[in-house]
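Reading through the structure tokens given below for one structure.
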Protein chains: 4
Amino acid sequence: MLIVMRDHASLQEIEHVVDHLHSAGAETHLSQGEVKTVIGVIGERELIYTLDMEGFAGVAEVIRVLKPYKLVGRDFQAEDTVVRVGSAEFGGGAFGVIAGPCSVESSEQMRSVAASVKAVGASMLRGGAYKPRTSPYAFQGMGLDGLKLLREAGDAAGLPVVTEILDVRDAEVVAEWADVLQVGARNMQNFMMLEELGKMRKPVLLKRGLSATIEEVLSSAEYVLKGGNRDVILCERGIRTFETYTRNTLDLAAVAAFKVLTHLPVIVDPSHATGRRDLIAPMCRAAVAAGADGLIVEVHPDPEHAKCDGPQSLDVPMFAALMDGMDARVALEGKHL
Amino acid sequence: MLIVMRDHASLQEIEHVVDHLHSAGAETHLSQGEVKTVIGVIGERELIYTLDMEGFAGVAEVIRVLKPYKLVGRDFQAEDTVVRVGSAEFGGGAFGVIAGPCSVESSEQMRSVAASVKAVGASMLRGGAYKPRTSPYAFQGMGLDGLKLLREAGDAAGLPVVTEILDVRDAEVVAEWADVLQVGARNMQNFMMLEELGKMRKPVLLKRGLSATIEEVLSSAEYVLKGGNRDVILCERGIRTFETYTRNTLDLAAVAAFKVLTHLPVIVDPSHATGRRDLIAPMCRAAVAAGADGLIVEVHPDPEHAKCDGPQSLDVPMFAALMDGMDARVALEGKHL
Amino acid sequence: MLIVMRDHASLQEIEHVVDHLHSAGAETHLSQGEVKTVIGVIGERELIYTLDMEGFAGVAEVIRVLKPYKLVGRDFQAEDTVVRVGSAEFGGGAFGVIAGPCSVESSEQMRSVAASVKAVGASMLRGGAYKPRTSPYAFQGMGLDGLKLLREAGDAAGLPVVTEILDVRDAEVVAEWADVLQVGARNMQNFMMLEELGKMRKPVLLKRGLSATIEEVLSSAEYVLKGGNRDVILCERGIRTFETYTRNTLDLAAVAAFKVLTHLPVIVDPSHATGRRDLIAPMCRAAVAAGADGLIVEVHPDPEHAKCDGPQSLDVPMFAALMDGMDARVALEGKHL
Amino acid sequence: MLIVMRDHASLQEIEHVVDHLHSAGAETHLSQGEVKTVIGVIGERELIYTLDMEGFAGVAEVIRVLKPYKLVGRDFQAEDTVVRVGSAEFGGGAFGVIAGPCSVESSEQMRSVAASVKAVGASMLRGGAYKPRTSPYAFQGMGLDGLKLLREAGDAAGLPVVTEILDVRDAEVVAEWADVLQVGARNMQNFMMLEELGKMRKPVLLKRGLSATIEEVLSSAEYVLKGGNRDVILCERGIRTFETYTRNTLDLAAVAAFKVLTHLPVIVDPSHATGRRDLIAPMCRAAVAAGADGLIVEVHPDPEHAKCDGPQSLDVPMFAALMDGMDARVALEGKHL
């Protein structure tokens, strides 16, 4: 941590800050120019992150050089974490494709889509049972019945399943029926849920929040790892910007940045990122090239009658076309489907 | 709802859309230009918001003219909702000032600040017992002990108290100790929590999410009202933008917009919005002039040693200076403290 | 400037950076922790801002503590700059109100609006002769004829006039007809134009760019002052964010921040910021309370038939209502109309 | 254009709007629900874009279905425009790579980098002679001398050259020395410059503004085409968002969207988009996969001593590594280097 003092801060102010740091157990290094004084602070992350020095007299700026996370960083673990769920794998050269509808609607819909996506190479089935909807008047999902239909369809097709957990109180029931627990964008900083998932032994798919920085995504993942659960897959799904042509702005540079900063696998959701069917295939291809370890794509057997996200759902032939040649693209990046 | 068809959409595509709408129970009006066809859709909000027509062939754009909320709108209730908590009032001409530290730290701290802010005109005490922190290594709050200290300090000073609820499982215990339940920015779209609060009979202070639109704030409030709880106070606390000089960008036009769109009271949090002590007083004054029904301000007896948000906390003399003349400013807007 | 080296940067890398700094004429202070080394760099702004050290091996981050501007800062000049244009004054306690239509359309329109706004307290007339329009198919303004009509209307009403300069080649002709030269949001970083205006002796009204930070606004103003022209009025007019209810997001905290950072007068344009007629009056009041030194408001004698910006133009009675009581509000902030 | 009237707008208000539209030469279609009335407006783009109906009484919203551009759209010209500059080609299956330093610094630097990038497959040389810099204290470029060195180096290596034009008054001199005229992000809405370039017969490289929407980029390109110059290359270079880890947020979905909406070639600038050397190669690969028709990359023979943008410049071996295998990636998308 660097503490930049205001121009011409008094000796007393500087000493006051330094004394406080010492009494808290930190070491300091002073760098004094004619105008600016900078105090370097050295100590454990756990200590540094409880020091709120911005309130002290004479302090102009506090710059944290130490990241707010540790366990998720490449410094802590250099080699890739591989998350394995049944036959699906993410990270360390393994590339996984998750596909399925926005929401679970019926047994036929789920069984049909599961068989179809499995046939062309998907390695996991998705489907929402609990749906976060802006308006309380929109379809909220089938709940537990949906979980069961998802499980059943996954089993029938031989695919592990992932679904979103909306309410921390549902953690156990969702974990009972699903193989991977998805934390949606709106819950990325629901720290209580992250702590709960940290205690569980099910992989977590953590989606980036609509306005979450790269550092915040990693800090949220840190909550899960700190609890003891090492199986976290990060998911870039677009951030909110001024652009309205696309639903969100897909930040593929964040994918490349994650691959530098963390050992956790990173996948991309082009469906929610763009909200436009015709942009999904090029964004899937771009995600592979950017270094992603997988994809999560909305596929519906009949997008016209999808209960949500119709405009961004691929139908089965479109998904098949997307998957055609995917293995070659993945291989070009030194990975395998 | 308006459905704009793609240029030269086929007759078949148009008919297909219209047929689907009719079978769902909606009425339609067709407007056909040479190039563009627009289908007007008429029906109840509950119906309209379950129609996801974007997925249909030939559809270029779906424009929802009907808002995703109803109960919170001025159309539904023209006169201001007044939220009363003990002697504190918000809305309908009443202006309330909530003050207190970011987090509850000790009995002395709370009692001292409660007495001080009460003395200069605050009408409610704030203090965080459960703190949402980006990093798992930062101070997370005192929990239940904090709740009790907050209650005790409020009672001693004769002030009702508000605190943030972080975990839906804590709803009852928080409601036991606090008079108003605060939903923080990160939980603004935690719909499960909103539904739970809708069932309770405690006023809710709903903070705008970091990247929430005005319409989304109102839709979240709708979740609470739909559950039967009419006592919701909205809070503008800054949105996330590219500007880094301030912690967030305070959107006072949203306050004026809320006053047009909803009957619910609206307050402003300049502390979290700016993150800078020297901008708080001017932003409080601007909030009053923009039409706000109240303020929530971080005040700490000793900001230097605050466990969080030091740089944005006022000390007691600063808060007293801010409150000096506040009654005249509030009166200028036709309201009263 | 602080140069934070990567963890465990080699001694050779550190020395290489230090040597380069010394050979460039800067002084350095080294702060070496076990893990982190930080190099403090001391020198003149002109030197520091030509040092691009980010490219050196071993450098993790370069933090500039010295601002990219000097002449516009409070450090350089503590007392307020007062910009005087005829009887209109901005800054140092003087509050000016600029009013008029988005674009000059006819002699009658301009004379009518000039007389009307003057009658209720406006101190300057605005009107666009050259209009920046997103689409080449939209009305582009009357050009030189518009300038003449603006001048004529201002003279008739006894008001100085301000108009936007779109093309640096028009600088002289615009300066011939107008009293204040406005640099629009889209040209805030048209540095060639800023340099040209720096050589002139006409006050400049510099609007904040749609995505310009506070620091960038000040740096653009620095271009004008560096050229020798000290009469710059800054204008906050909303920034571009994800919110679409308002045309832009009015950043009133920036106004308060400008008042801390610079001695230049700061005014607010609520018309372009909100794009909504019903939000203009509350935002004018909030701007006064936030510490602004003036306002610029779109007023049209017949907004329905305005050639641009109709939805955000006040008609004359609305503007009169807004100005009613404005002197008392301005006086409350210790200023005068 | 659709005009949505306010709920329960009066018959008189509706008639007033319709009458005005008819008198302006537009046709109308009325769609009247019980609550909502929507007026469809039909007419030429030139007419529609001069109708500002938002100011009329009773109007709630005006929705423009017709795009603000025409000539750049796929509707107007379905097949790809191919921009040819010497041996370099962009569009229609041709993929071009532009490389070179941020700014021209010396003859040796330019000749060295030109030969190096040519050797590994670059098809055009870039180099800034006029540099837009936030601070007036930063290096502003070599001007005319820089232009000459750029030309000389390009000729020596057999590469056409592109450079930024900062001042409309320099249009002729820049056109004399450069093959392609670059409009930088800050000038994307410098409409006077766009009009001037529309009259010239040199290809234009138009960079997306920091906060420009996809529609605004296309509208700016329309200015150039409307003037008669059909050779415009669009360039995605990142937009400004809240994320600070990268310099800007590269919007690759915009590239895919441009390919749908316009026939103009689209290239990507990963250097300015990310500002980080280690993200450039993955973003180049992602750009190819997203459908880009080319790249523009900063390459410096000695990034440490670059006068600007050092941290985002590749050195020659890094660029060579990036180009290695580029032809196969381009071929995978059905294009050729």
### Query
Name the pairs whose Cβ atoms lie under 6 Å apart, with the first residue in the stretch D:16-33 and in contact (Cβ under 8 Å) with a residue 24 or more places away in the chain and within 14 Å of chain B (Cβ to nearest Cβ), the second open to solvent by 20 Å² or more (accessible area, probe 1.4 Å) and among the polar types (S, T, N, Q), and 6 or more positions between them or separate chains?
D:Leu21/D:Thr28
### Query
Of all residues in the stretch D:239-253 being more than 16 Å from D:Ile280 (Cα to Cα) and hydroxyl-bearing (Ser, Thr, Tyr), which is farthest from the other protein chains (Cβ to nearest Cβ)?
D:Thr244
### Message
at positive phi and buried (at least 17 other Cβ atoms within 10 Å of the Cβ): which single residue out of C:Gly58, C:Gly25 fits that description?
### Response
C:Gly58
### Query
Do we find a residue being within 17 Å of C:Gly141 (Cα to Cα), within 14 Å of chain D (Cβ to nearest Cβ) and acidic (Asp, Glu) anywhere in the stretch C:310-329?
no
### Task
Please work out which one of (1) within 14 Å of chain C (Cβ to nearest Cβ); (2) outside any loop (DSSP other than H, G, I, E, B); (3) within 22 Å of B:Val41 (Cα to Cα); (4) open to solvent by 40 Å² or more (accessible area, probe 1.4 Å) is the condition D:Leu66 fails and give its number.
(2)
### Query
Of everything in the stretch A:226-258 that's over 18 Å from D:Asn248 (Cα atoms) and under 13 Å from the mean Cα position of the chain (by Cα), which residue is most open to solvent (accessible area, probe 1.4 Å)?
A:Asp231
### Task
Please work out if D:Leu264 is in a loop (DSSP other than H, G, I, E, B), open to solvent by less than 20 Å² (accessible area, probe 1.4 Å) and closer than 26 Å to D:Leu181 by Cβ.
yes
### Message
Going residue by residue through the stretch C:35-43, is there one that turns out to be more than 33 Å from the chain's Cα centre (by Cα), at the interface with another protein chain (Cβ under 8 Å from one of its Cβ atoms) and of a type in the set (Lys, Arg)?
### Response
yes
### Query
So which of B:Ile98, B:Ile3, B:Ile39, B:Ile14 ends up being within 23 Å of B:Pro265 (Cβ to Cβ), open to solvent by less than 50 Å² (accessible area, probe 1.4 Å) and out of contact with any Pro (no Cβ under 6 Å at 6 or more places or on another chain)?
B:Ile98
### Query
Could you list, in sequence order, the residues of the stretch C:47-58 that are touching a helix residue (DSSP H, G or I) at 6+ places or on another chain (Cβ under 6 Å) and at the interface with chain D (Cβ under 10 Å from one of its Cβ atoms)?
C:Asp52, C:Glu54, C:Gly55, C:Phe56, C:Ala57
### Task
Output the residues belonging to the stretch C:151-195 that are closer than 17 Å to C:Tyr130 by Cβ, charged (D, E, K, R) and within 9 Å of chain D (Cβ to nearest Cβ).
C:Asp167, C:Arg169, C:Asp170, C:Arg186
### Message
For the stretch B:316-337, give me the residue count where each residue is in the same structural domain as B:Ile98 (by TED's automatic domain parsing), farther than 15 Å from C:Leu332 by Cβ and at pLDDT below 95.
### Response
0
### Task
Kindly establish whether A:Leu47 is in a helix (DSSP H, G or I) and open to solvent by less than 10 Å² (accessible area, probe 1.4 Å).
no
### Scan of the stretch C:133-165 for residues that are open to solvent by less than 10 Å² (accessible area, probe 1.4 Å) and closer than 13 Å to C:Leu197 by Cα, ordered by number
C:Ile165
## Note on the structure
Here the residues within the stretch C:82-95 that are part of a loop (DSSP other than H, G, I, E, B) and either within 14 Å of chain D (Cβ to nearest Cβ) or open to solvent by less than 20 Å² (accessible area, probe 1.4 Å) (or both) are C:Gly93, C:Phe95
### Query
If we scan the stretch D:299-308, do we find a residue that is in the same structural domain as D:Cys235 (by TED's automatic domain parsing), within 23 Å of D:Ser87 (Cβ to Cβ), open to solvent by less than 10 Å² (accessible area, probe 1.4 Å) and assigned to a strand (DSSP E or B)?
yes
#### Entry: Within the stretch D:269-289, considering residues that are under 15 Å from D:Lys207 (Cβ atoms) and more than 10 Å from chain A (Cβ to nearest Cβ), the one most open to solvent (accessible area, probe 1.4 Å)
D:His272
#### Entry: Index of the failed condition, C:Ala292 passing every other in (1) more than 14 Å from chain D (Cβ to nearest Cβ); (2) open to solvent by 40 Å² or more (accessible area, probe 1.4 Å); (3) in contact with a strand residue (DSSP E or B) (Cβ under 7 Å, 6 or more places away or on another chain)
(2)
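The values are calculated or read from the model by the stated rules, or taken from the named source; none is laboratory data. The structure displayed is predicted, hence computed values, not measured ones. Glycine also receives a Cβ, built like all others from the backbone with ideal geometry; neighbour counts cover every protein chain displayed. Areas reflect the complete protein model, heavy atoms only, side chains present, ligands, DNA and RNA absent. Shrake-Rupley method; radii C 1.70, N 1.55, O 1.52, S 1.80 Å.
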